[in-house]
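Read the structure below first, then the notes.
We did not get these values from a lab; they are worked out from the coordinates using the rules stated. Note that the coordinates shown come from a computational prediction; the quantities given were computed from them, not determined experimentally. Every residue, glycine among them, receives a Cβ derived from its backbone with ideal geometry; neighbour counts consider all protein chains shown.
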Amino acid sequence: MNHENELDDPFIARYADRIDDETEVLWRADFARAQDYYDRGYDEDAALLPEARAIDALWSSDPEVGPRWRELTEIHDAWIHAPEAMTRAHEVFMPGGLQPPDMNDTRWSSHMQAREMTGHGAWPGFEPTHSMSSNERHEPMTETTDRNDRADEVTAESESDTEQLMRADFTHWAAVGYHRDPDDYDPADQMDLTELSSTWINHGEDRWLQEWVTLSGAYLDYRYDGAEAADAKRAQLGETLGPVAARSWDQARDLAVNGIEHDELGLVANHYVTRMPYERGEEIRDAQPTFQHVHNINGYPSSDASRNCPDKPVPSFGASVAARTSALADYQGHGNAIAAAMDRQAERAGVER
């Protein structure tokens, strides 16, 4: 193993211009080197396999680098074993390779490295100048790509049935969490919140989790920060908002600023709900794919076990976990905010009584 920082080493040269930290350049170069040795070791020269394993052992046991190395390994394996799921997740969370604001540089670089190494797209800013390969043609949109090239449902100027159901569920969700009188507080509300959000958190298409997070995040911005601050935040996002996200900001403002109407029986009477008959909503809900079904969860952990044990399949469940992490963490934060708000409701109700 050579760790000399020499640019004539093709593996080091590949990352020297992309990464500022010298140690990170070395372990990323060695990761690419190890994968190359594994590939050639199984296909051509078995003598390379011990070297590949030695590189793995060196960095995976390092106290600081080890967790990052293992994360890169998981992302790399996910692109190999479930490329369609990872491509979809990439288009949702990192369109065009854009770094999400809540994702640190190291994790973003690992996503870009794994995607590039498995032939699913170039590292942004380092695109090849030659004619695109078939893999490169499947890259997600860039900032200059026409947004209308994405799936019809993503760019539709009119709402799909799925989107309308999400908006109805969210209106109920907001009504339970934020728009009840303190005297009406019920500990069972948390169960209602969980049930209302479960379709979207566990949706088989990763982007619907992100759409739900976008909607709830915008709503909490308007709820906690006020209309002026939230409007300014939306203005900063500008054209980065797609049609669905833009409608979510509209809905969030409407619900937070204007409130949620109820009829004389106490039922939600907001137009996001009344336009979706209950029976129709349940039909649409039943047709939604679940995360568990799409990814065929069967209990196996996500790892590189299939490389050493080809007869033991690695489920595609692991493929979306890494890509969904930031959105789920974001949603967890929103859930904590909801719980805190409901606790305040309960405390306020006790004081007023």
Spacing of the two label points (7 Å from each Cα toward its C-beta) at Ala235 and Thr274, in nm: 3.3 nm
Integer Hz, Karplus 6.51/-1.76/1.60 couplings in order for region 82-89, x for Gly and Pro: 9, x, 5, 5, 5, 4, 5, 5
Approximate spin-label separation Thr23-Thr290, in nm, with each point projected 7 Å along Cα-to-Cβ: 4.4 nm
Förster radius 25 Å - calculated FRET efficiency between Ala57 and Asp105 (Cβ-Cβ, nearest 0.05): 0.45
Cβ crowding within 10 Å averaged over residues, with 98-106, 28-36 ranked highest first: 28-36, 98-106
Phi to ³J(HN,Hα) by Karplus 6.51 cos²θ - 1.76 cosθ + 1.60 over region 196-201, Hz, x for Gly, Pro: 5, 8, 4, 4, 8, 5
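What does the charge count near Ala256 come to, summing +1 for each Lys or Arg and -1 for each Asp or Glu among other residues with Cβ under 12 Å from its Cβ? Walk me through the intermediate numbers first.
Details: positive: Arg223, Arg253; negative: Asp221, Asp225, Asp231, Asp250, Asp254.
Charge balance near Ala256 sits at -3.
Quick one: length gained pulling Glu283 to Tyr224 fully straight, 0.36 nm per residue minus the C-alpha distance? Before the final figure, lay out the partial values.
Values: separation 59, 0.36 × 59 = 21.24 nm, distance 3.46 nm.
My answer for the length gained is 17.8 nm.
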In region 243-280, trypsin sites (Lys or Arg not before Pro) in a DSSP loop with at most 14 other beta-carbon atoms within 10 Å: Arg275
